[in-house]
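Below you'll find the structure, written out as C-alpha cells, and then a few comments.
The values are calculated or read from the model by the stated rules, or taken from the named source; none is laboratory data. If you're wondering where the values come from, they're calculated on a predicted model, not measured in any experiment. All Cβ positions, even for glycine, are placed from backbone atoms using ideal geometry, and neighbour counts span all protein chains on display.
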Amino acid sequence: MPLSAPAARKKIHTRAIELNGYIRDDGLWDIEAHLTDIKTYDIENKWRDGIKSGDPIHEMWVRLTVDQTFMVIDVEAVTDNSPFEMCPTITAAYKELKGIRIGRGWRRAINEKVKGKLGCTHITELLGPIATVSFQTLMGNMQKNAKMNKESAAHAKPIVLNSCHAWAEDSEVVKQFLPEYYKAN
C-alpha cells in the first residue's frame, strides 16, 4: 500500500542509494553501495564552478570484500562528486575496516574507525546497509551449505534467529522454517 496523498509540494532533493551483492570467482563476496544526492536547483560552488540542477552534489561508492564468515578482507571507497575538493582524500581511511567481522560489534567498530572527522558522513552511512545486504547476499549460500553438511549446521545457531520480529524464536515463521529453534511463549 503506498503512502497517503500528501499536500501540494515541490521536490527539492533526491538521495538515491543502491546496494548490490556479488559472489566472486575466488569464493569471496563483494558488497557494493552507491550513493547520490541531487538537488532540483543550481548550487553555488567555488571548487566545482557551480553545481547544476540534476548534477550530483554527492556521489560516493564503497565496496567491502568479505569471506564466508563476514570477515572484511578488503575495502575500496571512492568519491566521484563532492562539494569540497578535500572530500575524496578521506576515502583511504576505510581500509581501517579490514580485518573486522560484520556482525555483533560492527557499528561500534565503524564508530571507532571512520565516524565523524575520521571519515566521510555519506560513506560511513552506507556501512549499515552494506552489513544488511551482506547477510542477504550470503544467506542463500549459507543455507545451501548447511543442508549439505547437516552435522555442523546442527551446532550453528542461524544468524537470522531473533534478528527481527518475524524471525523471533517464538514466531510462526521460526515454528514453520526452523522448528528446532522454536520456543513457545
| Output for the stretch 79-111, where each listed residue is of a type in the set (Ser, Thr, Tyr) and under 15 Å from the mean Cα position of the chain (by Cα) | Tyr94
| query | Does Gly103 fit the bill of being in the same structural domain as Asp26 (by TED's automatic domain parsing) and loosely packed, with under 15 Cβ neighbours inside 10 Å? | reply | yes
| Unmet criterion (only one of (1) surrounded by 14 or more Cβ atoms within 10 Å (Cβ to Cβ); (2) in contact with a Lys or Arg (Cβ under 7 Å, 6 or more places away or on another chain); (3) modelled with pLDDT under 95) for Thr69 | (1)
| task | Would you mention how many residues in the stretch 19-65 are under 20 Å from Cys87 (Cα atoms) and hydroxyl-bearing (Ser, Thr, Tyr)? | result | 1
| query | Of the conditions (1) at positive phi; (2) surrounded by 12 or more Cβ atoms within 10 Å (Cβ to Cβ); (3) out of contact with any helix residue (DSSP H, G or I) (no Cβ under 8 Å at 6 or more places or on another chain), Gly27 fails just one. Which one is it? | reply | (2)
| Could we say that Glu76 is under 17 Å from the mean Cα position of the chain (by Cα) and without any contact (Cβ under 8 Å) to a residue 40 or more places away in the chain here? | yes
| message | Given the condition modelled with pLDDT of 95 or more and outside any helix (DSSP H, G or I), answer yes or no: does some residue in the stretch 120-137 qualify? | response | yes
